[in-house]
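The values are calculated or read from the model by the stated rules, or taken from the named source; none is laboratory data. Every value quoted in this text rests on a predicted model; they were computed, and no experiment measured them. Note that each Cβ is placed from the backbone with ideal geometry, even for glycine, and that neighbours are counted across all protein chains shown.
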Amino acid sequence: MEHRLELKNISKSFGEVQSLKNINFHLGRNEVVGLLGDNGAGKSTLIKVITGYHQASEGEIFFGGQLATDLTVAKARKLGVETVYQERALAELQTLWRNIFLGREISNRFGFLDVNKMKEETNRLMLESMGFTSMAVNPDSAIQTFSGGEKQGVAIVRALYFDAEIIILDEPTMGLSLKETRKLLNFVREIKAAGKSAVFIDHNIFHVYSVADRVVVLDRGQVAGEFRTEDITLDDLMDKMYQIAETGSFT
Amino acid sequence: MDIEKVKPEAEAAAADSMKIRITRRLRANATQVGIIAVFLLVWLFFIVAAPDTFLKPQIYNAFMSTIPFFAIMALPLTMAVIAGEMDLSFTSIMALGMVAFIKVFEATNSVGLAFLSSLLTGTLAGLLNGAIVVWIGIPSLVATIGTQFFWRGAVLVILNGKGGTLVPIKETLLRKIMVGQVAEYLPSQMLWLIAIAIGTWILLNRHKFGAHIYLIGDNENSARLMGINAKRTRILVFALVGLASAFAGMMSSMQVSYFWPSLGEGYLLRTLASVFLGGTSVFGGVGTILGTFLGSFIIGAIEAGIVAIGLTGFYTQLIYGFIIIVSVSMHAVMRKRMH
């Protein structure tokens, strides 16, 4: 069966700086892959190539076996990639419903919005998925009043709403409380249970190990190692990570 | 818990939710409620201070014939400011559009062609502003100061500093549609203003384009991460300001049947003041069409009102400047309190 997502020999340079070198990466159907690596290893650049925000300098990207050319964010979202970004990608002065439908507004073919539909859907999502029951919050609330965890909830619910096949989570636990973090990890397990695929990026190796089927380690823009979590203990994985940080490879 | 206890609690909760709903509505539309209040207060003040002027219909006819000239530009300018941009070149684009009008009319003797070429010229000048800002990456405040001088200079060079009469088109249908009187007392330009206000409201509130304007002005990085084409949206906003400027330029020239090469120079301050008084944030992401619409009438009324209550016209600029500073500062203060 074709992989859900496959990158072949992806390189990305910003001027003189080469951030990614010949990356080969794949994400299977109904698989959660953890992406690990030190700061500057290229994790964020890699996912921004997948989401269409950056265009690869070289290499090819396949979605379900189909080559994607001239990938943009809008195109990637149509192909079923939704992302929870590290920076959350919210517009804080705007209302909840505008944030849920940010960049994918419900509209007719002339671009006119169906505002009522978007508010109704937001209301439904609030009650069913976000767990907002307080009267103070409604689809017309500006999200600058929300807590960090609530904002993250908005970003996650948004990623789920569009029925994405691939969900990318870029450092989603950053700034979350312990309780919120546990909720988030459960949420990643739910993605798996729902038959979808995810790429999970986190600094915290414990978080990644506990939810990923497979871990890919990046170092200085290259894939330094790859392990199935069922084949390796957490201690061994940590040893390998140190080895990679020191030597650039794990062999 | 027994039922007797729950019931009054439920009723209290329902009353609370009603109260919350009303305060929420008010809070969500705070700036609009504020501008309506300011509008009514200023009006009341002038009626009390100068009843001879403000209780007669003539003054309102005068407002409806002069305010639309700058209000029509303030509406798309509101969109530009919401998108986090600024345009100071619209005053010169008014004149540039009229140069196209006069030259094409001289060459073809067709008011229709002259009209269209003026609109096209304004749109292209706006697109150029957008291109300089978006592709070259110059802050719009600086870029449009540059194009303001450039286009004013172009107007003076092309026409050798001279104006031009529009008397030959005085009896044309176009002039009647643009600045005629409907049923003797309603100036056409007021109807144009209302139509353009409705059009820009729909564009801003019921179209993807407007939704993206708010999002870009609020947080451009988020907008781009989620797949919004920020560059295209910003360029189009500048084009709209240019289009409206050419339209307003034709209108105000047709009103006096003469084209002055200095056309537009008096409009900079009052157009900007209308936008900021209307509650649009200079930081982007916030602003309404209703606010700018009412703001332009307050600004227009102030000029007449100052003279009517017996002050000299010198106070006008002082008050416009004051209004801009206060309304812009209000957003800065509110932002600080939020963070």
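In the stretch B:307-339, what residues are of a type outside the set (A, V, I, L, M) and either without any contact (Cβ under 8 Å) to a residue 12 or more places away in the chain or surrounded by fewer than 11 Cβ atoms within 10 Å (Cβ to Cβ) (or both)? Write out each step before concluding.
Going residue by residue through the stretch B:307-339, those that are of a type outside the set (A, V, I, L, M) are B:310, B:312-317, B:320-322, B:327, B:329, B:331, B:335-337, B:339.
Residues satisfying the conditions are B:Gly310, B:Thr312, B:Gly313, B:Phe314, B:Tyr315, B:Phe322, B:Ser329, B:Lys336, B:Arg337, B:His339.
Inside the stretch A:56-73, can you point out the residues that are within 17 Å of the chain's Cα centre (by Cα) and closer than 22 Å to A:Gly37 by Cβ? Residue satisfying the conditions is A:Ile61 alone.
Show me the helices (runs of 4 or more DSSP H) found entirely inside the stretch B:173-229 where at least 2 residues are within 21 Å of B:Gly287 (Cβ to Cβ) and small (Gly, Ala, Ser). Spell out how you get there, then give the answer.
Values: elements: B:173-179, B:188-206, B:208-218, B:220-225.
The qualifying helices (runs of 4 or more DSSP H) are B:188-206, B:208-218, B:220-225.
When B:Gly279, B:Gly295, B:Gly242, B:Gly210 are checked against the criterion of being closer than 30 Å to A:Leu169 by Cα and out of contact with any strand residue (DSSP E or B) (no Cβ under 6 Å at 6 or more places or on another chain), a single residue qualifies: B:Gly210. Taking the stretch A:170-184 as the search range and keeping residues that are away from chain B (no Cβ under 14 Å) and in contact with a strand residue (DSSP E or B) (Cβ under 9 Å, 6 or more places away or on another chain), which one is nearest to A:Met126 (Cα to Cα)? If we take residues in the stretch A:170-184 being away from chain B (no Cβ under 14 Å) and in contact with a strand residue (DSSP E or B) (Cβ under 9 Å, 6 or more places away or on another chain), then A:Leu184 is nearest to A:Met126 (Cα to Cα). Only one entry in B:Ala273, B:Ala239 is away from chain A (no Cβ under 13 Å) and free of Cβ contacts under 8 Å to residues at least 60 places away in the same chain, namely B:Ala273.
When B:Ile302, B:Ile325, B:Ile306 are checked against the criterion of being part of a helix (DSSP H, G or I) and within 11 Å of B:Ala273 (Cα to Cα), a single residue qualifies: B:Ile325.
Based on what the data block shows, is B:Trp135 touching a residue at least 40 places away in the same chain (Cβ under 8 Å), surrounded by fewer than 15 Cβ atoms within 10 Å (Cβ to Cβ) and within 27 Å of B:Glu85 (Cα to Cα)? Lay out the reasoning, then the answer.
Values: touching a residue at least 40 places away in the same chain (Cβ under 8 Å): yes; surrounded by fewer than 15 Cβ atoms within 10 Å (Cβ to Cβ): yes; within 27 Å of B:Glu85 (Cα to Cα): yes.
So B:Trp135 passes the test.
Do we find a residue being small (Gly, Ala, Ser), away from every other protein chain (no Cβ under 14 Å) and touching an Asp or Glu at 6+ places or on another chain (Cβ under 6 Å) anywhere in the stretch B:140-149? Steps first, answer last, please.
Of all residues in the stretch B:140-149, those small (Gly, Ala, Ser) come to B:140, B:143, B:146.
From what is left, the residues that are away from every other protein chain (no Cβ under 14 Å) are B:140, B:143, B:146.
Now narrow it down to the ones that are touching an Asp or Glu at 6+ places or on another chain (Cβ under 6 Å): B:140.
Among the residues of the stretch B:140-149, at least one is small (Gly, Ala, Ser), away from every other protein chain (no Cβ under 14 Å) and touching an Asp or Glu at 6+ places or on another chain (Cβ under 6 Å), which makes the answer yes.
Would you be able to say whether some residue in the stretch A:36-43 is modelled with pLDDT under 95, surrounded by 20 or more Cβ atoms within 10 Å (Cβ to Cβ) and assigned to a strand (DSSP E or B)? So far as the stretch A:36-43 goes, yes, one or more of its residues are modelled with pLDDT under 95, surrounded by 20 or more Cβ atoms within 10 Å (Cβ to Cβ) and assigned to a strand (DSSP E or B). Can you spot a residue in the stretch A:14-28 that is among the polar types (S, T, N, Q), within 14 Å of another protein chain (Cβ to nearest Cβ) and farther than 24 Å from A:Ile232 by Cα? Among the residues of the stretch A:14-28, not one is among the polar types (S, T, N, Q), within 14 Å of another protein chain (Cβ to nearest Cβ) and farther than 24 Å from A:Ile232 by Cα, which makes the answer no. Tell me yes or no: at least one residue of the stretch B:287-306 is more than 25 Å from B:Leu96 (Cα to Cα) and within 14 Å of chain A (Cβ to nearest Cβ). Checking the stretch B:287-306: at least one residue is more than 25 Å from B:Leu96 (Cα to Cα) and within 14 Å of chain A (Cβ to nearest Cβ). Inside the stretch A:56-99, residues that are touching a residue at least 40 places away in the same chain (Cβ under 8 Å) and not hydrophobic (A, V, I, L, M, F, W, C) make up a count of 17.
Would the stretch A:105-113 turn up any residue that is closer than 28 Å to A:Met174 by Cβ and away from chain B (no Cβ under 14 Å)? Steps first, please.
In the first step, residues of the stretch A:105-113 are kept if they are closer than 28 Å to A:Met174 by Cβ; the result is A:105.
Next cut, away from chain B (no Cβ under 14 Å) only: none.
No, that holds for no residue.
For the stretch A:81-96, the criterion of being more than 11 Å from chain B (Cβ to nearest Cβ) and over 30 Å from B:Thr288 (Cβ atoms) is met by none of the residues.
Tell me, yes or no, whether the stretch A:32-48 has at least one residue that is under 14 Å from the mean Cα position of the chain (by Cα) and over 29 Å from A:Glu246 (Cα atoms). Scanning the stretch A:32-48, I find no residue that is under 14 Å from the mean Cα position of the chain (by Cα) and over 29 Å from A:Glu246 (Cα atoms), so the answer is no. Taking the stretch B:214-236 on its own, how many of its residues are more than 9 Å from every other protein chain (Cβ to nearest Cβ) and acidic (Asp, Glu)? Looking only at that region, the number is 1.
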